[in-house]
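Below you'll find the structure, written out as structure tokens, and then a few comments.
The values are calculated or read from the model by the stated rules, or taken from the named source; none is laboratory data. All values derive from a computational prediction rather than experimental measurement. Reconstructed Cβ throughout: ideal geometry from the backbone, glycine too, with neighbour counts over all protein chains shown.
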Amino acid sequence: MADKCHLCLLGLIFLSSLLTGTSGVDDAHVFISSGENVHLPCYNALHDCKSTVWIYNNRHSATVELIALGIKKKDTERHERLSLGSDCSLNIKNITKDDYGLYTCRQYVNGQQQGTDTFVYLHVLHVSSSSSQTEISPGSSVSLSCQLYSYTGVSCDDWIRSEGIELFWVNQAGVKLTISDSRYQISAPGHCIITLTTTLLNEDDNREWRCQVTHRNQVKTSATYTVKSSVSSSNSETTSRQTPVPAQGSLVFRVIVIIVEFAVFAAPTVILLQIICTSRAERKDLQHQRK
């Protein structure tokens, strides 16, 4: 009986190692919204980064080597946005939805791999609009799509269900929007995408519409989309056009300018000359009386 229990215990340890990775460290899952900067950790780094290799792949692309022995590869699309941290982490600027996928940190010394790999799954949250227009007038309908781009080796829907991940829209106060509000139409074609459709009001000008993703009820990241109203732009243009501006070539305008300039600048000069002349005349009269 004791031998059987011992075998069961060994089996549980082996199963645990499979679920957490051979290194015993959980694979990292990083959530980020498009447009932000991200930091991907490397848990197996050695004393320096000269042995570090970063590899990237997702379901739509072949495996790409981003960092080779601590040096950035120049023939990658992400070259300008990549940098290697002092702890051998991978930093990516201005994340796009196409950056999602699996990032692997690996160590090589004298051509031989050292230790086990660090796997980092990058999940990117992205919001887009159904309208190609940058400005939408009040009264028109707009649909905003919020999608989580993920690559985990299984379908996004299966992974979200198993991990307790949820996507939803919130108002400006951070309160979750539901289908009970008649103003909003919320649909989820899949677990990794949720769409918000609404009719714009005047007060929606420059409003941020926010989508959030949570993992076991903890907010991981959020993405926003700002809707600009075409009415405010047209009003500002109308105001600027209606502001009266005198014609520079107008004769009347030029005469008025000359008179104003004379009144401002010439009048003090005339008064000063008059004072000087009066003072000289008084001096002459005084000298004449003495003689």
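Observations on the model:
- Condition check for residue 64: in a strand (DSSP E or B), at pLDDT 75 or above, of a type in the set (Val, Ile, Thr) and within 13 Å of residue 122 (Cβ to Cβ): no
For (1) closer than 23 Å to residue 38 by Cβ; (2) at pLDDT 85 or above; (3) under 23 Å from the mean Cα position of the chain (by Cα), each residue gets a yes or a no:
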site: 137; (1), (2), (3): no, no, no
site: 161; (1), (2), (3): no, no, no
site: 168; (1), (2), (3): yes, yes, yes
site: 196; (1), (2), (3): no, yes, yes
site: 202; (1), (2), (3): no, no, no
site: 228; (1), (2), (3): no, no, yes
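- Exactly one residue out of 139, 115 is in a strand (DSSP E or B) and touching a strand residue (DSSP E or B) at 6+ places or on another chain (Cβ under 7 Å), and it is 115.
- Of everything listed in (1) assigned by TED's automatic domain parsing to the domain that holds residue 30; (2) at pLDDT below 90, the single unmet condition for residue 93 is (2).
- Meets criteria (in contact (Cβ under 8 Å) with a residue 12 or more places away in the chain, in contact with a Lys or Arg (Cβ under 6 Å, 6 or more places away or on another chain) and on the phi > 0 side of the Ramachandran plot) for residue 139: no
- Search result, residues across segment 110-132 that are more than 13 Å from residue 225 (Cβ to Cβ) and under 24 Å from the mean Cα position of the chain (by Cα): 120, 121, 122, 123, 124, 132
- The set of residues from segment 67-85 being closer than 19 Å to residue 114 by Cβ and either assigned to a strand (DSSP E or B) or among the acidic types (Asp, Glu) (or both) comprises 67, 68, 71, 84.
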